[in-house]
Amino acid sequence: MDVAIRAAAPTDVASIRDVAKRAWKAAHEPIVGTDAMESFLSEYYDAESFQARIDCDETILDVAVEGGTVVGYILASPNADDETTFDLSSIYVTRMRWGEGIGQQLLDHVERRVREHGGERIQLGVMAENDRAVRFYEAADYRQDGEFHDEHLGVPGYTYVKTV
C-alpha cells in the first residue's frame, strides 16, 4: 500500500508523538520493561524535541500520511563526526499497520533524501532482542557493523550501516 510521504509540519507533532509512543511500546516494552519505556519516551520523545527537528534544515523528519492521518514517520540527521554519514534515529509505523510495507517505503524515502543532502551512508542502532527490527534492516541490505550496550535502557544492541 502506498502512502504519501512528506516533510513533517508543526501540526504533525502530536501525531508523530502518538505513533512513536504506541510503536515504541509495542516493540520495546517487552524488552526493557514499562518503567524504562516510560522514562525513555518522556525524555526523548517530547514535543519540543520534535519541533526543533522540524525547524532544523539539516534534519530529515518526514511523515507517512494516509487520508490526512499520520501513520508513520522517519527521522535522520547528519552525524556530528562525519558529514557524509546520517544517523537514523527512529522509524516507526502505527502498530496496526505493521507488515504493510509502510516502513520500507519510509526507509527507501530517507535513503533518497540522504543522497539529496550529500550523504553517502546511513547508520543506526537497534536493540539486540528486537528481532523484528533486525530482520527489517537486514532485509533492506543494512549490515551489522558493531555492538553496543545502551546504558540508559540497560540492553545490548547492534549498529547497522548501509551505503546509499
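The values are calculated or read from the model by the stated rules, or taken from the named source; none is laboratory data. Since we're looking at a predicted model, the values are computed, not measured. In this analysis, Cβ positions are derived from the backbone assuming ideal geometry, glycine residues included, and neighbour counts consider all displayed protein chains.
Quick check on the stretch 32-47. Is at least one of its residues at pLDDT 95 or above, among the polar types (S, T, N, Q) and not in a loop (DSSP other than H, G, I, E, B)?
no
Run LEU41 past the list (1) out of contact with any Phe, Trp or Tyr (no Cβ under 9 Å at 6 or more places or on another chain); (2) surrounded by 12 or more Cβ atoms within 10 Å (Cβ to Cβ); (3) not hydroxyl-bearing (Ser, Thr, Tyr) and report the number of the one that doesn't hold.
The failed condition is (1).
Of (1) at pLDDT 95 or above; (2) over 16 Å from the mean Cα position of the chain (by Cα); (3) surrounded by 16 or more Cβ atoms within 10 Å (Cβ to Cβ), ARG143 satisfies all except one. Which?
Only one criterion is unmet by ARG143, namely (3).
Those residues that are without any contact (Cβ under 8 Å) to a residue 40 or more places away in the chain and within 21 Å of GLU58 (Cα to Cα), I need them from the stretch 1-40; list them, please.
Correct list: THR11, ARG17.
Is the stretch 58-75 home to any residue that is among the acidic types (Asp, Glu), touching a residue at least 12 places away in the same chain (Cβ under 8 Å) and surrounded by 19 or more Cβ atoms within 10 Å (Cβ to Cβ)?
Applying the first criterion (among the acidic types (Asp, Glu)) to the stretch 58-75 yields 58, 62, 66.
Among the residues that remain, those that are also touching a residue at least 12 places away in the same chain (Cβ under 8 Å) are: 58, 62, 66.
Add one more test, that the residue is surrounded by 19 or more Cβ atoms within 10 Å (Cβ to Cβ), and what stays is 62.
Checked the stretch 58-75: at least one residue is among the acidic types (Asp, Glu), touching a residue at least 12 places away in the same chain (Cβ under 8 Å) and surrounded by 19 or more Cβ atoms within 10 Å (Cβ to Cβ).
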